[in-house]
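Asker: There's a structure below that I have some questions on.
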Amino acid sequence: FRANDISGKGEVAIPGATAKTYILTAADADKYISFEVRPVASSGTTPGIAVKSARQHVITLPSGWDVNPSNFSYKGLVTARVFKVEGIAVESGILAAFVGEECRGIIEATYHPAPDQYLFELSCYSNRLSGDVLTFRYYDPVEDTVYNMDRSVDFVPDMSAGTSESPVKMNIGVDFIVSFPVGWSWFSVNSFL
């Protein structure tokens, strides 16, 4: 089934989508997909009771936001909490790790009841034992906007940066360009962590 929102507004059965698997199409972008299973008795004619899944939002990711873990030899984990506005953590969206412009991991936010917060448990990949610096980008599908995060992590095989109790805190980064007048060689900025 395809619907316009999480409540099922405008829901229709997808023509021909009756197999065990379904491959998303362009028509599914930004829609909500669900499926229904109606069991059939192995003998007799008693119909089973249909069970319907929860609706899932189909998000179209930015170009280049994909990773194939089988292309890499090493793996590590970054558990992060993302703050879009100072002091207010996000509760949805996608976090991705990059080395340069190459995506090295991608994950959706998930709710963790014990710390009562949404976290990103991001598996990251590399083919190098050292030297790769992971930078992070957050995608807000509601705004269809990508934000650079203000943290980076040096990749090490089998690393575990952050935990559900103490995640790596990432904030929306700010691009800042400074032009130095002739004779100036440094500047300072007040900041907080």
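The values are calculated or read from the model by the stated rules, or taken from the named source; none is laboratory data. Just so it is clear, the model here is predicted, and its values are computed rather than measured. We place every Cβ from the backbone using ideal geometry, glycine too, and count neighbours over all the protein chains shown. Ligands, DNA and RNA are stripped out before the accessible areas are found, and what is left, the full protein with its side chains, is counted by its heavy atoms. Shrake-Rupley method; radii C 1.70, N 1.55, O 1.52, S 1.80 Å.
Asker: So Arg137 clears everything in (1) basic (Lys, Arg); (2) open to solvent by less than 60 Å² (accessible area, probe 1.4 Å); (3) touching a Cys at 6+ places or on another chain (Cβ under 8 Å) except one condition, right? Which one?
Answerer: If we test Arg137 against (1) basic (Lys, Arg); (2) open to solvent by less than 60 Å² (accessible area, probe 1.4 Å); (3) touching a Cys at 6+ places or on another chain (Cβ under 8 Å), just (3) comes out false.
Asker: Quick one: is Val99 at pLDDT below 95 and surrounded by 11 or more Cβ atoms within 10 Å (Cβ to Cβ)?
Answerer: When the stated conditions are applied, Val99 does not pass them.
Asker: Just to confirm my filter: which strands (runs of 3 or more DSSP E) fall fully inside region 33-146 and include at least 3 residues that are among the β-branched types (Val, Ile, Thr)?
Answerer: Here the list reads 74-85.
Asker: Could I ask something else about it? Those residues that are in contact with a Ser or Thr (Cβ under 8 Å, 6 or more places away or on another chain) and not aliphatic (A, V, I, L, M), I need them from region 79-116; list them, please.
Answerer: Thr79, Phe98, Arg104, Gly105, Glu108, His112, Pro115, listed by residue number.
Asker: I would also like to ask the following. Which one of these does Phe35 not meet: (1) at pLDDT 90 or above; (2) open to solvent by 90 Å² or more (accessible area, probe 1.4 Å); (3) more than 28 Å from Ile106 (Cβ to Cβ)?
Answerer: The single condition Phe35 does not satisfy is (3).
Asker: All but one of (1) closer than 30 Å to Leu95 by Cα; (2) loosely packed, with under 14 Cβ neighbours inside 10 Å hold for Ile59, so report the exception by its number.
Answerer: Among (1) closer than 30 Å to Leu95 by Cα; (2) loosely packed, with under 14 Cβ neighbours inside 10 Å, the lone unmet condition for Ile59 is (2).
Asker: Is it true that some residue in region 80-93 is open to solvent by 30 Å² or more (accessible area, probe 1.4 Å), touching a Leu at 6+ places or on another chain (Cβ under 9 Å) and of a type outside the set (S, T, N, Q)?
Answerer: In the first step, residues of region 80-93 are kept if they are open to solvent by 30 Å² or more (accessible area, probe 1.4 Å); the result is 81, 84-88, 91-92.
Narrowing further to those that are touching a Leu at 6+ places or on another chain (Cβ under 9 Å): 81.
In the following step, the residues that additionally are of a type outside the set (S, T, N, Q) were identified as 81.
Yes - at least one qualifying residue is present in region 80-93.
Asker: Also: For residues in region 140-180 being at pLDDT below 75 and of a type outside the set (Ser, Thr, Tyr), which is surrounded by the most Cβ atoms within 10 Å (Cβ to Cβ)?
Answerer: Among those residues, the one meeting the criterion is Gly173.
Asker: Quick one: in region 120-134, which of the residues that are hydrophobic (A, V, I, L, M, F, W, C) and surrounded by fewer than 23 Cβ atoms within 10 Å (Cβ to Cβ) is nearest to Glu101 (Cα to Cα)?
Answerer: Across region 120-134, the extreme among qualifying residues is Val133.
Asker: Which residue, of Asp30, Asp5, is in contact with a His (Cβ under 8 Å, 6 or more places away or on another chain), among the charged types (D, E, K, R) and surrounded by fewer than 16 Cβ atoms within 10 Å (Cβ to Cβ)? Please lay out each step first, then the result.
Answerer: On the way: Asp5 fails: in contact with a His (Cβ under 8 Å, 6 or more places away or on another chain).
Sole residue among the options that is in contact with a His (Cβ under 8 Å, 6 or more places away or on another chain), among the charged types (D, E, K, R) and surrounded by fewer than 16 Cβ atoms within 10 Å (Cβ to Cβ): Asp30.
Asker: Tell me which of these Tyr111 doesn't satisfy, since it passes every other one: (1) more than 13 Å from the chain's Cα centre (by Cα); (2) among the aromatic types (Phe, Trp, Tyr); (3) open to solvent by 30 Å² or more (accessible area, probe 1.4 Å).
Answerer: Looking at each condition in turn, Tyr111 falls short on (1).
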